[in-house]
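For reference, the structure is listed below as structure tokens.
The values are calculated or read from the model by the stated rules, or taken from the named source; none is laboratory data. Since the structure is predicted, the reported quantities are computational estimates derived from the model, not experimental observations. As a convention, Cβ positions derive from the backbone with ideal geometry for all residues, glycine included, and neighbour counts pool all protein chains shown. Heads up: the accessible areas ignore ligands, DNA and RNA and are worked out on the full protein's heavy atoms, side chains in. Shrake-Rupley method; radii C 1.70, N 1.55, O 1.52, S 1.80 Å.
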Amino acid sequence: MTSATIAAVLLDMDGTLLDTEQVYLTSLISALDAFGYRDGTAICHAMIGLPGPECEAMLRDHYGADFPLADINKAYAAHRDDLLAKGLPLKPGAIALLGALRDAECPMALVTSSSRRTADRYLELAGIRERFEAILTRDDVTRGKPHPDLYLLAAERLGVAPKTCIAVEDSGPGVTAAHAAGAMTLMVPDILQPTDEIRAKCVVVLPDRHAVLVLLRERYDFGTVARTV
């Protein structure tokens, strides 16, 4: 990782910049519990980092054909919105990281498994939507994370080669997607720690976004942004 090889930084949203994964997890477990499904923690952990439609398919497969998905979704959304009404939290160090990259005129893209509607809403609420040259969501590709399509498209939109990008992720599916695209992947775990398999796909696993910024400052000349098509 040197100034000659880093052309852009690609950032995940939920759990990486926004402290929303715990909100999602708490809300879904609460909704499942309200309908008598009291074993939801493991299946909810397995869905972290995956697009919504895949999560819904996993719930149906896990609980069977009689699973009341529409009712669960309604209860989940109500609980989630109630929590977010108290404020949309950013992860510690997120603003400092984004600010340093902006000051360095380093191209940035957001790469999220959330829908376009959700991403636009949450980024506006957090006050960081305008910081990105490109915003890629699950609506932009046929295959979401853990497939590499979103990261490949993000690099294309920025006009850089994926191998010259640093990707910052918090989940296994996100790391798998970024690694498969050829990006240099940094992981900052949120709810779940990486398995050995996921750790092997990372350049490094870091404790927080402050550590990401320290690493970039040590190994990347912020005054030089190499663009490589």
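Brief remarks on what is shown
- Considering only residues in the stretch 176-187 that are under 22 Å from H210 (Cβ atoms) and crowded, with 23+ Cβ neighbours inside 10 Å, the one that is farthest from the chain's Cα centre (by Cα) turns out to be A183.
- Residues satisfying the stated conditions in the stretch 103-122, i.e. among the acidic types (D, E), in a helix (DSSP H, G or I) and within 30 Å of R217 (Cβ to Cβ): D103
- Any hit, the stretch 187-199, residues being under 18 Å from A109 (Cα atoms) and among the basic types (K, R): no
- Hey, P68 open to solvent by 40 Å² or more (accessible area, probe 1.4 Å) and not basic (K, R) or not: no
- Among the residues listed as A31, A7, the single one being within 30 Å of P107 (Cα to Cα), in contact with a helix residue (DSSP H, G or I) (Cβ under 7 Å, 6 or more places away or on another chain) and not β-branched (V, I, T): A7
- Restricting the search to strands (runs of 3 or more DSSP E) fully inside the stretch 123-188 and requiring at least 1 residues that are without any contact (Cβ under 8 Å) to a residue 40 or more places away in the chain and within 24 Å of A46 (Cα to Cα) gives 134-136, 184-187.
- Within the stretch 36-86, the set of residues being within 24 Å of the chain's Cα centre (by Cα), in a loop (DSSP other than H, G, I, E, B) and not aliphatic (A, V, I, L, M) comprises G49, P51, K86.
- Criterion (among the aliphatic types (A, V, I, L, M) and either in contact with a Pro (Cβ under 9 Å, 6 or more places away or on another chain) or open to solvent by 10 Å² or more (accessible area, probe 1.4 Å) (or both)) met by exactly one of L150, L158: L158
- Residues of the stretch 1-28 satisfying the condition of being open to solvent by less than 50 Å² (accessible area, probe 1.4 Å), among the β-branched types (V, I, T) and either in contact with a Cys (Cβ under 9 Å, 6 or more places away or on another chain) or part of a helix (DSSP H, G or I) (or both): I6, V9, V23
- Residues of the stretch 93-133 that are surrounded by fewer than 21 Cβ atoms within 10 Å (Cβ to Cβ), closer than 26 Å to E56 by Cα and in contact with a helix residue (DSSP H, G or I) (Cβ under 6 Å, 6 or more places away or on another chain): S115, R116.
- In the stretch 189-200, the qualifying residues are those that are assigned to a loop (DSSP other than H, G, I, E, B) and open to solvent by less than 50 Å² (accessible area, probe 1.4 Å), and the one that is modelled with the lowest pLDDT is I191.
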